[in-house]
1. Once phi is turned into ³J(HN,Hα) by the Karplus curve 6.51 cos²θ - 1.76 cosθ + 1.60 with θ = phi - 60°, what whole-Hz value does each residue of region 287-299 show in order, with x for glycine and proline?
2. Cα atoms only: what Rg and Dmax, in Å, come out for region 186-246?
3. As an exercise, find the ratio Rg/Rh for region 7-256 from alpha-carbon atoms, using the Kirkwood inverse-distance average for Rh.
4. Based on the mean of other Cβ atoms within 10 Å per residue, sort peptides 265-274, 412-421, 151-160 so the most packed one is first.
5. Determine the relative contact order of region 281-460: mean sequence separation of Cα pairs under 8 Å and six or more apart, normalised by residue count, in whole percent.
6. Treating the angle as unsigned and between 0 and 90°, give the value, to the nearest 10°, between the Cα long axis of helix 166-183 and the longest Cα principal axis of the chain.
7. Using helices alone, I'd like the mean residue ellipticity at 222 nm for the chain: each DSSP H run of four-plus residues gives -39500 (n - 2.57), total over residue count, nearest 500.
8. Pop a pseudo-label 7 angstrom from the Cα along the beta-carbon direction at both residue 261 and residue 98 and give the gap in nm to one decimal.
Amino acid sequence: MKVTPPMFLMPSLSMTARALCRTALVLACWGAVGWAHASLPIQHWTQPSGARVFLVESHAIPMVDVQIDIDAGSRRDPAAQAGLASVMAGQMANGTRAEPQGQGPYPKALDENQIGEAWADLGASFGGSAGGDRMSFGLRSLSYPDLLDKAVALAARQMAHPAFPEAMWLRDRERISASIRESLTKPGTVVQQRFAQAVYGVHPYGFRATPESLSRIGVQDFKNLHAQALRACRATVSVVGALTRAQADALVQRLLAQWPRESGCPSLPPVPEVAPLAAAQNLKLPFDSAQAHVLIGQPGYKRTDPDFFALLVGNHILGGGGFVSRLTEQVREKRGLSYSVYSGFAPGLHAGAFTVGLQTRPDQATQAVAVAQEVVQGFVREGPTQAELQAAKSNLVGGFALRIDSNRKLLDNVANIAWNRLPLDYLSNWTRQIERVSAADIQRAMARVLQPERMVTVVVGAAP
């Protein structure tokens, strides 16, 4: 993991870089409001290596944000080594091997503290992570050439030549395992794990890292995954910031220059789809807690579902709209059974879970579950009212500017478009798509995707 020493331990830290960072942050806050009304043309091209590049030029502030995504998320973890992708991405910050040609601004091997100091000197940041579908690497730097060139060189080194020092992994494995054990003393973690197991079954979306699965992961597993996963032909790169197309193309080439290349792109093995639930499940797990934690749900839909916008608006009305949702009205406002209640979909390359979640007093858990289930059943059966539909549309359209009011948020949206192969005008047409949704569209889509009679219900902390 990246370690940044205290300021007084970094005599080499560039005062200029620090000053530039502070100035850029002020400019970012001042300039963010401009995104609300700016046009959002996304440029796209494919490099000779096969890497797909997506760019939004933003010259208001001297900042560049880059995200690199590859198909190496936890859905590809071996069942016995759950957590492999995530911990490998984190271990890439623990040291780099020496530059093979001995060139560039960082030719020598670097340990984790030297990497942290190098990033601090640049006033930049870089890191890796893995979700269910993809492994991602993110770079943020000022766009001044002397800083950006060094940031790109260091990021390229970290991705292409991680050292994976065994001592660091053994240290981190103990820390992560201890954190997992501690989390399992909390009802919120227990209910999430049992819910994922019940909804996803044997699908990798339901895998969770455990001390046992981490104990089966060694440094050689990191090296094998790294060699197999990082291929330029599989990279999807999203860039937002003060760069022209030519500059962005050169930046991406430098970032991926040391990744393995080959003619063609070897296919990855397919991952099975999430199986639908055959019958309802009701799990009540005793737990010594002041509140009962409740999750209700089932597999939902994939991100490519043609009814995405109808389901988005529908869920906003059902339980995704906070205090104006139907679940909040019935569970909290009318009956006082929970301070908050929500619903949500998590679409991915496979059908992510639909979830209704709440906390309540243990002696009220049965009633709260019954009310929440009744609300979901009624919504699936009848759909929204016109008043609910209009209020949801106004809320979503009115809040659209907040989805793209910074470089970071805009990068998230561009990466979503790139990864899911959505139309390049997706953001420009987003509000128009919301406005087109009808009550009938929502009722039809919800009835197709959700089966309330076959949902999983997990209650942790229920009264005996």
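1. These are the phi-based 3J(HN,Hα) values: 7, 7, 9, 6, 10, 8, 9, 10, 10, 10, x, 6, x Hz.
2. Answer for region 186-246, Rg first and Dmax second: 18.4, 52 Å.
3. 0.99
4. Order by mean packing, descending: 151-160, 412-421, 265-274.
5. Answer for region 281-460 is 37 percent.
6. 20
7. -12000 deg cm²/dmol
8. A separation of 2.6 nm, rounded to one decimal place.
Read-outs: derived from the displayed coordinates by stated rules, not from any lab. In this text the structure is predicted, and so the values were computed from the model without any measurement. In this analysis, Cβ positions are derived from the backbone assuming ideal geometry, glycine residues included, and neighbour counts consider all displayed protein chains.
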